[in-house]
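Written below as structure tokens is the structure these notes are about.
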Amino acid sequence: MGMEIFSLANKVSMVTGSSKGLGRSAALALAKAGSDVAVCGRNQADVDKVVEEIRELGSNAAGFLFDVTQKQSVEQGVEQIVSHFGRIDILLNNAGTNHRVPVLEYPEEQWDKILQTNLKAYYLVAQQVVPQMIQRNYGKVINMSSILGHVGLPNQLAYASSKGGVEQMTKVMALEWAKQGVRVNAIAPTYFETEMVSQIRQDAERFNFINERTPMGRWGQIEEIEGVVIFLAGAGSDFITGQSLVIDGGWTAW
């Protein structure tokens, strides 16, 4: 087996929250490896832009708008994707949000929003996508976690809780589907230069803390997630399931 273990030719990928940030980068990575991509988001203009970028790479792409936190919306969205592409081989659960305040000030509505988006949505989407994978005895599910699923930081109550949940969800899914041809793994990034953390980058104290806490001394560059996405989506990781690959410049090695 040669370099074809990294090829995703003739595969169909679905990426939630793929109109911006790491989701966009992941969608482009899958396309670069040859996969067709269902770009999923909630803003038509942003989704259309990523679809066009993927088509320029030579892969097929189509955009789909739906709310990953609502079961009926997810059902309709997945039906549309399967109808368009015929199947889904690779699912990357990526949609996410955050709200940073101390525990004693944490609003209940923000807790609910973050847990619904970062955790509940992952199982809602997987419930709709995985059955057609099982029918074909093949599928890859990649859940976007975070280093905060492994370590704690102040002011990250709901986000860290949701990502800890993603870590355990990944293990349970992997165990249940291991003999049915579906591999389930997680990616746990550190701070990457995306719009989601632009406010932190403008805070000199927090920006410097992250640089100093990271052994490599810097934030992740958005393109540095591409290799891990391609690896977990392709044949090179066929005997890996239930794992979380940390991309953190050495943060969790302390």
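Summary of computed values
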item: Ascending count of other beta-carbon atoms within 10 Å, so fewest first, for M196, M133; result: M196, M133
item: Angle between the chain longest axis and helix 121-136 axis [Cα atoms, degrees, rounded to 10]; result: 30 degrees
item: Too-long pairs where the Cα-Cα distance tops 24 Å, listed order kept, from K11/K163; K11/K49; K140/K179; result: K11/K163
item: Per-selection metrics, the chain (Cα): Rg and Dmax in Å; result: 17.4, 55
item: Cα centroid separation - the range 63-82 against the range 168-244, whole Å; result: 24 Å
item: Charge tally in the Cβ shell below 15 Å around W177, where Lys, Arg are +1 and Asp, Glu are -1, W177 excluded; result: +2
item: Residue-count net charge about T69 - beta-carbon cut-off 12 Å; Lys, Arg +1, Asp, Glu -1; result: +2
item: Cα-based shape type of the range 115-205, given that a ≥ b ≥ c are square roots of the gyration tensor eigenvalues and the cut on a/c is 1.5; result: prolate
item: Between helix 21-32 and the chain: long-axis angle, C-alpha atoms, 0 to 90°, nearest 10; result: 30 degrees
item: Neighbour count of at most 16 Cβ within 10 Å plus DSSP loop: longest trypsin sites (Lys or Arg not before Pro)-free window in the chain; result: 88-217
item: Angle in degrees between helix 204-213 and the longest Cα principal axis of the chain, rounded to the nearest 10; result: 70 degrees
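Where a number appears in this text, it was derived from the coordinates with a stated rule and is not lab data. Small disclaimer: the values here were computed from a predicted structure and weren't measured. Every residue, glycine among them, receives a Cβ derived from its backbone with ideal geometry; neighbour counts consider all protein chains shown.
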